[in-house]
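Below: the structure, in structure tokens.
The values are calculated or read from the model by the stated rules, or taken from the named source; none is laboratory data. Just so it is clear, the model here is predicted, and its values are computed rather than measured. All Cβ positions, even for glycine, are placed from backbone atoms using ideal geometry, and neighbour counts span all protein chains on display.
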Amino acid sequence: MNKKIVFALLLTALCSLSACGNDDIGSLDDSVIVKQGTLNDDTEDVSDENLQTKVSGYVVTEVPTTTVTSATDELGNIIAETVPVEQPPETPSPETPEAETPAKAVPETPEPSVIDYTPSTATPGTPASTAVLPADAPTESDYNYGPAPMVYDIPGIKYIDNVLIANKSYSLPADFYPDLDQTCLNQFYKLQNDASAVGLNIYLSSGFRSYETQDYIYNDYVARDGQEKADTYSARPGHSEHQSGLAIDVNQIDDTFIGTPEAIWLEAHCYEYGFILRYPQSKQDITGYKYESWHIRYVGTDLSYKIHSKAVEMGDPYLTLEEYFGIDSYYH
Ligand SMILES: [Zn+2]
């Protein structure tokens, strides 16, 4: 089958049926799709090289037929949890994911555009903020140490103390296409392994997402729920943190993840690897998004420890990036 049609069918099936309650659709991830239940990146992984063709620094997403089962398998659970009752989808059971088929006509397929993006503009990040580094923060020789992310010298990207900001107030250029940050991914694997050591299964469900993909997802949500509601859980194109390459969604990308042992562990320990829980509970008015127990943002261990220390000091375990830097998040 023609790849464009396969991609379109996949997008149609996922976007038309999903209501995952956030800005995340794991299986529409541009960089990594990992089958649910996967512990290690090298098992059951629909790998990057199967999904992508990298040409001259650009990444062109392809959808081999082998990803359809895995993708629909994963989203099947999401769909089953969140599709409104009055519009019952053809929801497959987890055991029969192949039963799911696109239910409506194939729309125009959004294609990744040619990216005017130069990786050489990236420079190593430096420790963020002038706050004193907590004594228990890892140093370069420690296993957990995670350096600050790369800083891109690209007009239109908002940085505060070398920390990239992507929220409702600050957007990313449409052609910014960094892919999932390698340091972020490496730190995630450390987190994943340590969670596994205590019997928990935390796996990557969604990583990098392009402007084009977010544009498609967001507009599909707007068409279904209206813009006001869609804005509470889905980022407008250019405003998704996933486009920064520094955000990861884990496990089940919906509210069923809340309160699971994995979610509790993630919230308590992600800072030890350089992550923060980006959209914590009770902070929707500040972050602009509803609680997302599954969405973590990589900032490096220096900053994650500083934020954690500040949160403890303030007695607010849900201190947000917006509060830490004194910025807002709303569409101006
Ligand atoms: Zn997310």
Query raised in the report: Does at least one position in region 138-149 carry a residue that is more than 15 Å from Y298 (Cβ to Cβ), β-branched (V, I, T) and either touching a residue at least 60 places away in the same chain (Cβ under 8 Å) or surrounded by fewer than 14 Cβ atoms within 10 Å (Cβ to Cβ) (or both)?
Result: yes
Report summary line: By residue number, the members of region 257-270 that are surrounded by fewer than 20 Cβ atoms within 10 Å (Cβ to Cβ), among the small types (G, A, S) and over 26 Å from I327 (Cβ atoms) are G259
Report task. Out of Y298, Y273, report the one residue that is at pLDDT 95 or above, more than 15 Å from the ligand (Cβ to nearest atom), buried (at least 23 other Cβ atoms within 10 Å of the Cβ) and of a type in the set (F, W, Y). Result -> Y273
Report task. Determine whether I276 is in a strand (DSSP E or B) and among the β-branched types (V, I, T). Result -> yes
Query - Scan of region 215-242 for residues that are within 11 Å of the ligand (Cβ to nearest atom), touching a helix residue (DSSP H, G or I) at 6+ places or on another chain (Cβ under 8 Å) and not hydrophobic (A, V, I, L, M, F, W, C), ordered by number - result: Y233, S234, S240, H242
Report task. Considering (1) buried (at least 19 other Cβ atoms within 10 Å of the Cβ); (2) touching a His at 6+ places or on another chain (Cβ under 7 Å), say which one Y221 fails and leave the rest. Result -> (2)
